[in-house]
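The values are calculated or read from the model by the stated rules, or taken from the named source; none is laboratory data. The structure displayed is predicted, hence computed values, not measured ones. Every residue, glycine as well, gets a Cβ built from its backbone with ideal geometry; the counts of neighbours run over all protein chains shown. Quick note on the areas: whole protein, heavy atoms, side chains included, nothing else; ligands and nucleic acids left out. Shrake-Rupley method; radii C 1.70, N 1.55, O 1.52, S 1.80 Å.
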Amino acid sequence: QLVYPHDFRLTEKEKTSICYLSFPDSYSGGLGDTQFSFRLRQAGGPRSSAFQDDGRYNREAPLTLQREAAHYFGYVYFRQVKDSSMRRGYFQKSLVLVSRLPYVNLFQCLLQLIAPEYFDKLEPCLEAVCNEIDQWPPPAPGQTLNLPVMGVVIQVRIPSRVDKPGCSPVKQCNQENLLPAPLVLPSVHELDLFRCFQPLLIHIQMLWELMLLGEPVVVMAPSPAVSSELVLALTSCLAPLRYCCDFRPYFTIHDSEFKEYTTRTQAPPNIVVGVTNPFFIKTLQHWPHILRVGELRMSGDLPKQVKVKKPAKLKTLDTKPGIYTSYKTFLHKDKTLIKRLLKGIQRKRPSEVQSALLRRHLLELTQSFIIPLEHYMASLMPLQRAITPWKNPPQIRPFCQEDFMKSLEHAGPQLTCVLRGDWLGLYRRFFKSPNFDGWFRQRHREMTQKLEALHLEAICEADIVAWMKDKSEVEIVDLVLKLREKLVRARCQHLPVKEETLHRVSLYIDTVIGSLPQDLQAVLHH
């Protein structure tokens, strides 16, 4: 019906997809308001975003919260109420916020404020809200922002890459006394994991492994709210490791990728997909891992835990909750975690405390797995003394899986994790997954940039005049061109180099040019 701001360009294909993803696609007799989210592949070529920030946000934000380049997130507020004046006897409408940022808590909170007003007052309400949002500061990692909207101030901290994983950041006391008191969100993105994983708590180990290995997983849920929350909870299991596969918190039969996912002529893609339409039980039967869950209800005791069942047991109309998979975990179950969560339930511990326990457990598991990889990767970096000013920096040595496996004997996950099992088998499978590829490329890029930075520093420390003494003009001109290229690259790639170092390299270039004959100087200055 309406896109606001009006100048935001969506392709027809994107508009159609957003329309289908904004409504529950299976019959839900429930009346009232519901909220859920989806993720949509951008159609057409790359488009410039309204927020050009030269990539600074993505450099400073945690990898898991980076702005997406090829996908949009949609945050939906859907209302269904009886209305005899409507042809179908119901008022059904959705307000959708579209963003490239995965701030599920912030945007759902915003919709709770805006949507009820919008259904009542329509476009003028959106215009007023957009005028307020236009005044908001850009999301700066590490900063606490006060975001005024509709007479409320939402206060939220944007996480930063330098935050220590697992520590809740220090609450910042704002100097100004905000009146009315702000609505403080504890996190822009963290879900209530305990609630999301309620029926699956005893299988958390298996779910973590499936996510780590980038296995194809279907979440079959009774509503888009349950499916989207569970998919987002699953993909957040690996933090601070980035989940590098595709994921769709909510997916319908009208999606343009429907054929791609349901074909039986090739293996299912590496993706976690959330569905609600019973039709998918039939079309996705061949997928290797299917999580079938019911409505999430918080009760006073441990909810009924689903059972792991053979995939063949998934009959078309058998809708019993369960994990339908033949997967055998590499690691043994962690009984202590379940005991601690059970104790929490008996003591009526708040859900956020239980979630913090769960998040801490998953974080420690991921760190135990990734630290040996980080150590081995660091050992591939050339020694600093091998970096000399007038030669290209040395190469990072290649990653050899067998050498890494040997290093595990004395520096493996057993040093930090009590869990027993086939860690080696888990690493071998991980090497074949998109998550390893994503992690390795990111680390390799960072190390290459570090080498470039160290090389620039080595050039700064060198005695350039002594070097020039016995060099020909051709060699000196060549040096000027190379140094210039290095400077440009350092600025474009935002290398981790002090501004002072870059300034000194510029001065070096001027010194070198000054030593050349006038005609060459004129050419180089141009």
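Is the range 226-300 best put as rounded, prolate or oblate by its Cα gyration tensor, with a ≥ b ≥ c the root eigenvalues, rounded for a/c under 1.5, and otherwise prolate when a/b is larger than b/c, oblate when not?
Oblate, since a/c reaches 1.5 and b/c is not below a/b.
Can you give me the Cα centroid spacing of the range 455-496 and the range 205-229 in angstrom?
51 Å
Using a Förster distance of 45 angstrom, determine the FRET efficiency expected from the C-beta separation of Leu183 and Lys335, and round it to 0.05.
Efficiency, from the Cβ-Cβ distance: 0.70.
In Å², what does the accessible area per residue of the range 463-525 work out to with a 1.4 Å probe?
With the other protein chains kept in place, the range 463-525 gives 62 Å² per residue.
Could you work out the local net charge near Pro165, counting Lys and Arg as +1, Asp and Glu as -1, over the other residues with Cβ closer than 14 Å to its Cβ?
In short, +1.
Check the straight Cα-Cα distances from Lys15 and name the aspartates and glutamates below 16 Å, setting aside those fewer than 8 residues away within the same chain.
Excluding near neighbours in sequence, the set is Asp7, Asp255, Glu257.
Can you send over the carbon and sulfur percentage of the accessible area for the range 463-525, probe radius 1.4 Å, protein chains only?
58 percent
Provide the per-residue ³J(HN,Hα) series for the range 154-160, in order, calculated from phi with Karplus coefficients 6.51, -1.76, 1.60 and θ = phi - 60°, each as a whole number of Hz, with x at glycine and proline positions.
Per-residue couplings from phi come out as 8, 10, 8, 9, 8, x, 10 Hz.
Around Ser187, which amide H atoms from residues at least 5 apart in sequence, or from another chain, sit under 5 Å from its own amide H, with H modelled in the peptide plane?
none
Give the percent of DSSP beta bridges with both residues in the chain that are antiparallel, rounded to the nearest 5.
Among the beta bridges of the chain, antiparallel pairing accounts for roughly 65 percent.
What ranking of Phe247, Phe440 comes out by heavy-atom accessible area, probe 1.4 Å, highest first?
Phe440, Phe247
Can you find, among Ala490, His525, Leu479, the residue sitting farthest towards the positive end of the charge dipole of the range 463-525, where Lys and Arg contribute +1 and Asp and Glu -1 at Cβ?
Ala490
With Cβ to Cβ distances under 12 Å as the rule, what net charge do the other residues near Arg489 carry (K, R +1; D, E -1)?
+2
Counting only helical runs of four or more DSSP H residues, what would the 222 nm mean residue ellipticity of the chain come to if each run contributes -39,500 (n - 2.57) and the total is spread over all its residues?
The helix contribution divided over the chain gives -12500 deg cm²/dmol.
Please identify the helices of the chain, taking whole runs of DSSP H, that span at least 18 Å along their own axis as judged from the Cα atoms and have a mean Kyte-Doolittle score of -1.0 or higher.
104-121, 351-378, 434-461, 473-492, 499-514
If you take the charge dipole of the range 463-525 about its Cα centre, with +1 on Lys and Arg Cβ and -1 on Asp and Glu Cβ, which of Ile513, Thr501, Trp467 is farthest toward its positive end?
Looking along the dipole axis, the top candidate is Thr501.
Report the charge-dipole magnitude of the chain in Debye, nearest 20, computed about the Cα centre from +1 at each Lys and Arg Cβ and -1 at each Asp and Glu Cβ.
2580 debye
Among Lys313/Lys333; Lys406/Lys486; Lys432/Lys498; Lys304/Lys343; Lys282/Lys333, which pairs are too far apart, with a Cα-Cα distance over 26 Å?
Check vs 26 Å cut-off fails for Lys406/Lys486; Lys432/Lys498; Lys282/Lys333.
With a/c under 1.5 counting as rounded, go ahead and sort the range 463-525 into rounded, prolate or oblate using the C-alpha gyration tensor (a ≥ b ≥ c being the square roots of the eigenvalues; past the cut-off, prolate if a/b is larger than b/c, else oblate).
The shape class here is prolate.
Note down the net charge around Val418, summing +1 for each Lys or Arg and -1 for each Asp or Glu among other residues with Cβ under 15 Å from its Cβ.
Once all neighbours under 15 Å are counted, the net charge is +4.
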